[in-house]
Amino acid sequence: MLFDLPDHATLYQALLDRDPGYDGQAYVCVASTGIFCRLTCPARKPKPENCTFFGTVGECIEAGYRPCKRCYPLEPMALADPAIATLLAALDERPEHRWRESDVVRLGFDASTVRRSFRRQFGMTFLEMARQRRLRDGFETLAAGGAVIEGQLDAGFESASAFRAAFLRLIGKAPGSLSRDPLLFADWVPTPLGDMVAVSCRSQLHLLEFFDRKALRSEMIRLDAFAKGRLGIGQTAPSEQIKRELQAFFDGCSATFQIPLALHGTAFTKQVWEALRQIPPGQTRSYSQIAVGIGRPTATRAVARANGANQIALVIPCHRVIGADGSLTGYGGGLWRKQKLLEIERHYLGSELKGATRVSG
């Protein structure tokens, strides 16, 4: 469980001390490098604000981090299963390769056995691990100002058309169409519940969504139209701020989101979103309760539509809305994430952080 680990300060001190007592029990993910390590890693120690701690390597990989090449955090899993050791070594040697099951078979392994082994150890298949690594490498190359061809090569796509199609599915815009003088910037945000994309201008956050949300592509297209085609990739002060605030949230340190928001919606929709921000972490409301709370008791369906139109996940906590019978209802990020977020927020229930999700905008 996420909060079974000691607090951030304790784990950071263990990292500084290279405490072997946490070996295999805790790992550090470093936002500034995209790498995760054992706490005994001999590498130079990162700043505490750049560190997120997890209890398993699977959580680190799902959050989008790559294993350190100095302390080899995947080594125990590799030693326990020769197939894992061989495939991880092959991935390190050819991170740009477009891996297929036929490659796994060619290396002498049964594809279904490998799928089960990787899912058991990491919560994802080998092919999913390889694909995530390739796409993130390509995205980061473009975000750092690299050319499209560099992003294509770093992502391991042999053809420009294949890279273009993958990128188009990801953010709704082909890499060659990205603005060189953006008004809005897309940035990659790793979290324990999966990678997210943040879209911001230089002063406000416009979107925060999980990459696998079905509505993401259409939301990105609308934002591109709002920016008159000036959507690009890069980091901004708001995107860096939301990374810090999400890290604090998942670390169990703070449920406060102070990131300035740009809200794209009607007056009624914004009223509903404001009501969502009033729900304290650890608590839930039904659509009908929200409708009554905003003085529109007959507008339950309209409230549900406004809730579903939210494109700033977690900060505007639409996951705190449940059915009138107490059941979980639809959530664009997936019901499993909704359940997990509600479990995480029980940590804040009854604390001094009640109501702390209110943000400026």
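Can you name every one of the helices (runs of 4 or more DSSP H) wholly within the stretch 15-96 that holds 1 or more residues which are under 23 Å from the mean Cα position of the chain (by Cα) and surrounded by fewer than 20 Cβ atoms within 10 Å (Cβ to Cβ)? Before you say what the answer is, go through the steps one by one.
Numbers: elements: 57-62, 75-80, 82-93.
In the stretch 15-96, 57-62, 82-93 are the helices (runs of 4 or more DSSP H) which contain 1 or more residues that are under 23 Å from the mean Cα position of the chain (by Cα) and surrounded by fewer than 20 Cβ atoms within 10 Å (Cβ to Cβ).
Looking at the stretch 176-185, can you tell me whether even one residue there is at pLDDT below 85, crowded, with 16+ Cβ neighbours inside 10 Å and over 20 Å from ARG337 (Cα atoms)?
Yes, the stretch 176-185 contains a residue that is at pLDDT below 85, crowded, with 16+ Cβ neighbours inside 10 Å and over 20 Å from ARG337 (Cα atoms).
Any residue at all in the stretch 264-287 that's at pLDDT below 90, over 19 Å from the mean Cα position of the chain (by Cα) and under 23 Å from GLU59 (Cα atoms)?
So far as the stretch 264-287 goes, yes, one or more of its residues are at pLDDT below 90, over 19 Å from the mean Cα position of the chain (by Cα) and under 23 Å from GLU59 (Cα atoms).
Give the residue, chosen from ARG222, ARG169, that is outside the structural domain of ILE316 (by TED's automatic domain parsing), at pLDDT 75 or above, assigned to a helix (DSSP H, G or I) and surrounded by fewer than 22 Cβ atoms within 10 Å (Cβ to Cβ). If you could, list the steps in order and put the result at the bottom.
Values: ARG169 fails: at pLDDT 75 or above.
Within the list ARG222, ARG169, the selection yields ARG222.
The values are calculated or read from the model by the stated rules, or taken from the named source; none is laboratory data. On a predicted model such as this, the values are computed, not experimentally measured, just so you know. Heads up, the Cβs are rebuilt from the backbone with ideal geometry, glycines too, and the neighbour counts pull from every protein chain shown.
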